[in-house]
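S.K.: Please read through the structure below; I'll follow up with questions.
The values are calculated or read from the model by the stated rules, or taken from the named source; none is laboratory data. Here the structure is a predicted model, which means the values were calculated and not measured. So basically every Cβ, Gly included, is an ideal-geometry build from the backbone, and we count neighbours across all protein chains shown. Note: accessible area is taken over every heavy atom of the protein model, side chains too, but ligands, DNA and RNA are not part of it. Shrake-Rupley method; radii C 1.70, N 1.55, O 1.52, S 1.80 Å.
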Amino acid sequence: MTNTYGDWLKSQREARGLTQQELADIALMTRSHIAHIEAGRRTPSRDDARRLDKALGTGDVLTSFLPEDDVATVAEYFEAARLLEQQATMIREFGLTFVPGILQTEAYARASLRTAFPPRSDEECDRLVVTRLNRSKVLDNPVSPVVWALLDEAVLRRPIGGSDAMAAQILHVVRLAEDGRVRVHVMPFGLGPHTLMQSMLTLMWFEDQPPIAYSEGLSLGKVHDSPAVVERLRGAYDLAMADAQPMKESIALMRATAEGYRKHA
């Protein structure tokens with residue numbers, strides 16, 4: 001997102017002699033949300049833009065000119081979740097089939113994106129790989145967001161991108177865990193059925209808004225912001241986490257699995 005939109009919002013606010021807090025109060029938003037939009041760090045929802053237009057008396061300008069990328073860099077249904085991911089203070093991931101996006105290596109990301117149907121062009125894959133790797137930059141901050149990753153054992157056992165790519169991917173997650181940047185737990189096959197078997201799940205917490213959940217299946221994803229739904233999904237995650245292997249045992253399993261891939265490379 002370019003900052004033209006945020007700069008224009010700021011100029012309209014200041015022209016009316018409003019502080020960020022005063023505009024937030026009128027538009028029923030938080031001051032930090034206004035600050036993020038003005039700085040270009042956050043794209044407002046359409047409802048946010050309508051409230052800002054009404055508060056500032058700008059007609060439908062902010063609603064009509066919401067920033068959009070000329071070329072899609074993620075699936076349309078994931079865009080809202082991607083923006084929220086960059087703002088979260090805590091992220092809890094469950095990987096059912098794939099390693100969660102913010103933990104993926106380049107080779108693994110490229111191989112997973114190649115599974116799409118209809119097939120993607122090389123140019124589209126290149127663009128999507130860059131976006132996925134940029135998502136992982138949230139881990140550059142050594143403290144925030146706090147990240148927990150719960151992986152179904154199927155994530156480790158299904159070779160994506162070949163043996164070398166899988167070994168490197170698994171060891172990448174192991175290094176993040178051993179460095180203390182993420183916590184990782186494996187849901188072993190031997191457990192049998194569990195509460196998160198239907199889809200992948202991401203839970204996110206923020207400084208200035210309620211927690212949300214994101215679930216995804218085959219070419220379909222949804223952001224859940226209903227407190228009742230988020231609490232139910234959080235409960236399912238917590239129950240599954242309670243049945244998962246402790247981190248020490250999970251890392252040992254991941255190292256052994258990576259070694260197995262290396263022997264067959």
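S.K.: Given points 7 Å out from each Cα along the Cα-Cβ axis, report the ARG157 to LYS248 separation in nanometres with one decimal.
M.R.: That separation, rounded to one decimal, is 2.6 nm.
S.K.: Over all distinct Cα pairs, what is the inverse of the mean 1/r for the stretch 188-239, reported as the Kirkwood hydrodynamic radius in Å?
M.R.: Roughly 12.0 Å, rounded to one decimal.
S.K.: Something else about it: Go ahead and estimate [θ] at 222 nm for the chain from helices alone: -39,500 (n - 2.57) per DSSP H run with n ≥ 4, summed, over the residue count, rounded to 500.
M.R.: -14500 deg cm²/dmol
S.K.: Taking 7 Å along the Cα-to-C-beta vector as the label spot, tell me the GLU123-SER226 distance in nanometres, rounded to one decimal.
M.R.: 4.2
S.K.: Give me the one-decimal nm value for the distance between modelled label points at LEU133 and GLN21, 7 Å along each residue's Cα-to-Cβ direction.
M.R.: Spacing of the two 7 Å Cα→Cβ label points: 4.4 nm.
S.K.: Between the alpha-carbon centers of the stretch 1-39 and the stretch 92-169, tell me the distance in whole angstrom.
M.R.: The stretch 1-39 and the stretch 92-169 have Cα centres separated by 35 Å.
S.K.: For LYS263, go through the aspartates and glutamates and keep the ones whose alpha-carbon is under 14 Å away, minus same-chain ones fewer than eight residues off.
M.R.: Straight-line reach from LYS263, under 14 Å: ASP164.
S.K.: Now a separate question. DSSP loop GluC sites (Glu not before Pro) in the stretch 196-265 with at most 10 other Cβ atoms within 10 Å of their Cβ, which ones?
M.R.: GLU207
S.K.: Quick one: if the Förster radius is 25 Å, what FRET efficiency do GLU259 and GLU178 give, using the C-beta to C-beta distance and rounding to 0.05?
M.R.: The pair GLU259/GLU178 has a calculated efficiency of 0.95.
S.K.: DSSP beta bridges in the chain, what fraction antiparallel, as a percent rounded to 5?
M.R.: So the antiparallel bridges amount to about 55 percent of the total.
S.K.: Assuming 1.002 mPa s and 20 °C, estimate D for the stretch 157-265 with Stokes-Einstein, Rh taken as the Kirkwood radius over Cα pairs, in µm²/s.
M.R.: 136
S.K.: With an 8 Å Cα cut-off and a minimum separation of 6 or more residues, compute the relative contact order for the stretch 144-265 in percent.
M.R.: This gives 35 percent for the stretch 144-265.
S.K.: Compute the Rg/Rh shape ratio of the stretch 58-172: radius of gyration over Kirkwood radius, all on alpha-carbon atoms.
M.R.: 1.02
S.K.: Quick one: Cα convex hull volume of the chain, Å³ per residue?
M.R.: 131
S.K.: Also: Using a Förster distance of 22 Å, how high is the FRET efficiency between SER11 and GLN209, based on the Cβ-Cβ distance and rounded to 0.05?
M.R.: Computed FRET efficiency for SER11 and GLN209 comes out at 0.30.
S.K.: Just read off the accessible area of MET200 with the full protein assembly in place, 1.4 Å probe, to the nearest 10 Å².
M.R.: Result for MET200: roughly 50 Å² accessible.
S.K.: Sorted by mean Cβ packing within 10 Å, highest first, what order do the peptides 12-20, 149-157 take?
M.R.: Packing proxy ranking, top to bottom: 149-157, 12-20.
S.K.: Can you compute the radius of gyration and Dmax for the stretch 107-181, using only the Cα atoms, both in Å?
M.R.: 13.8, 39
S.K.: For the stretch 152-203, what size does the Cα cloud have along each of its three principal axes, sorted from largest down, in whole Å?
M.R.: 28, 27, 20
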